[in-house]
Amino acid sequence: MGDYRELWSNLGMDLDKHDILCEALPEAFGSIYLTQENRPENMNYFNYALAEVHGARIEEINEAKANGKKVVGTFCVFVPDEVILAAGAVGVGLCSGSQFWIEDGEKVLPRNLCPLIKAFVGAKVSRTCPYFQSSDMIVGETTCDGKKKAYEIVEEYMPVHVMELPQMKREKNYEQWKDEIKLFISRMEELTGNKVTVENLKKAIDLVNRKRRALKRLYDLRKNTPSPISGLDALLVTQVAFLDDIERFIENTNALCDELEERVKNLEPTGKKRIMITGTPMAVPNWKLHSIVEGLDAEIVVEETCTGTRYFEGEVSTEGDTIDDLLKNLADRYMNINCACFTPNNDRTEDIIKYAEEYNVDGVIYYNLSFCHTYAIEYKKVENALAEKSIPLLNIETDYSEEDSGQIKTRVEAFLEMIGSGEKLHTVS
Ligand code: SF4
Ligand code: SF4
């Protein structure tokens, strides 16, 4: 990474503290990613994007700011990127996947909260995230109680707009979400001084759909046995998707898929167990579970998470001639994300079963960030449904620290052995 100290200093960052983060990331990335064998050539772009995550991309975003663009940070896949783009702003999905920020988060939040929430608040409080520092506004949502209340704290530091997500999926809830998107449009127009029109909104919908299609193409390629790309690499692609310039991301993801299409013509069987991860998001640089699983005799072939299928499944229709028509299309697509914040949320279990078949998985690992109650409670339903289908399941609850890595490794090892032996025991908690 080049020298960006002046830029970081202008962003009001705590440079000394940020240096500590910058030292740790390349080391972790090198030992987890660069030690993988036979990686696709086109992963070089994503390696570069990660290496420059606090450098070149931040410079680019700040150039856009100097040219009058606004930057908007988001935390959840419910916030419609299409509106941000139609208003001529830059959207960044803020990561919050590092243990580094937990200590600062705990200075202002209770300790018994999900690490994602503590990390995002810690990143702001410690002034060590250049995306946060570059953002003119944060867009929150009322998905879970922890996040909802944490935005009140972030608001003490910068402007925040919170969208009220309904937690049921009745007809009136679709209408409510449509109204929320309408309010969000007004707030974005106010922030940017640009009008959201049918024309620019349709264009933005098209663009985000193309991004979804590129990711879907990548995931479809993972349905091959063996997968032509590791789960770690596929996860990195999705993580970069939240931060990168969209056009460039689409181009590079499609180039990667072209290469993978060639690869699948000459795949040799590896005998590795095919694993699905389901549960809470894995924001960059959270590679903990993937690196443990793929360090053993297994490959992760699909993630039913917000850094996986929930991010890209389902496109937004561009049918209609009015903003109201497009709002309805947006509401329909986003309300179909099957997050555990909804009740009931049976469609998520159906998705898991569908993916287990489509991706031909040998077993499922339920990944739960500590203190995420909605996903933890939903485990039981998933367990019952998978037991009925005789699909092996392992429950892992963890945070960002490395303390339990050895224990998780032992449990995953036992799980893979169980799958291999064809034992009748389907679930391991
Ligand atoms: S798990 Fe739910 S609340 Fe969390 S990012 Fe995904 S959609 Fe948003
Ligand atoms: S993982 Fe769970 S507790 Fe954490 S932010 Fe997402 S929904 Fe909330």
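Only the coordinates and a few stated rules stand behind these numbers; no lab work does. For clarity, every value in this text was computed on a predicted model and none was experimentally measured. Cβ sites come from the backbone with ideal geometry, for glycine too, and all protein chains shown count toward neighbours.
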Legend entry - Phi-based couplings in Hz for segment 56-69 (Karplus 6.51, -1.76, 1.60; Gly and Pro marked x): 4, 5, 5, 4, 4, 5, 6, 5, 4, 4, 4, 8, x, 7
Legend entry - Whole-angstrom gap from segment 394-419 to segment 1-61, using each part's C-alpha centre: 28 Å
Inset, instruction - Just name one of PRO110, MET158, ALA86: the one whose Cα is farthest towards the positive end of the charge dipole of segment 5-194 (beta-carbon charges, Lys/Arg +1, Asp/Glu -1). - result: PRO110
Inset, instruction - Enumerate the amide H contacts of MET137 below 5 Å, restricted to partners 5 or more residues apart or on another chain; note that Pro and chain-start residues carry no placed amide H. - result: VAL71, GLY73
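Could you give the size of the charge dipole of segment 1-112 about its Cα centre, using +1 on the Cβ of each K and R and -1 on the Cβ of each D and E, expressed in debye and rounded to the nearest 20? Mind dumping the intermediate values first?
Details: 9 positive and 18 negative charges, 83 e Å.
Approximately 400 debye in magnitude.
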Inset, instruction - Would you mind checking the tilt of helix 246-263 against the longest principal axis of the Cα atoms of the chain, expressed as 0 to 90 degrees and rounded to 10? - result: 20 degrees
Inset, instruction - Which order do the peptides 284-296, 26-38 take when ranked by the mean count of other beta-carbon atoms within 10 Å per residue, highest first? - result: 284-296, 26-38
Legend entry - Binned Cα-Cα distances of the chain, short to long, each 20 Å bin given as a whole percent: 26, 61, 13, 0
Inset, instruction - Report, in deg cm²/dmol and to the nearest 500, the calculated mean residue ellipticity at 222 nm for the chain, where each DSSP H run with n ≥ 4 adds -39500 (n - 2.57) and the sum is divided by the residue count. - result: -16500 deg cm²/dmol
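To the nearest 20 debye, what is the magnitude of the charge dipole of segment 256-317 about its Cα centre, counting +1 on the Cβ of each Lys and Arg and -1 on the Cβ of each Asp and Glu? List each step's numbers first, then the result.
Details: 7 positive and 12 negative charges, 64 e Å.
Approximately 300 debye in magnitude.
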Legend entry - Unit charges at the beta carbon, dipole of the chain: most positive-side option, ILE20, SER186, TRP8: SER186
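When Rg is the radius of gyration of the Cα atoms in segment 5-194 and Rh is its Kirkwood radius, what does Rg/Rh come to? Show your work: numbers first, answer last.
Values: Rg = 17.8 Å, Rh = 18.0 Å.
Rg/Rh: 0.99.
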Inset, instruction - Using per-residue counts of other Cβ atoms within 10 Å, averaged over each peptide, order 190-198, 89-97 from highest down. - result: 89-97, 190-198
Inset, instruction - Please name whichever of ALA64, PHE29, PHE75 sits farthest to the positive end of the charge dipole of segment 5-194, dipole taken about the Cα centre and charges placed at Cβ: Lys and Arg +1, Asp and Glu -1. - result: PHE75
Legend entry - Using alpha-carbon coordinates, inclination of helix 198-221 to the longest axis of the chain, degrees: 20 degrees
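Evaluate the relative contact order of the chain (contact order divided by residue number), counting alpha-carbon pairs under 8 angstrom at least 6 apart; express in whole percent.
Numbers: 657 pairs, mean separation 72.1, N = 429.
RCO, the chain: 17 percent.
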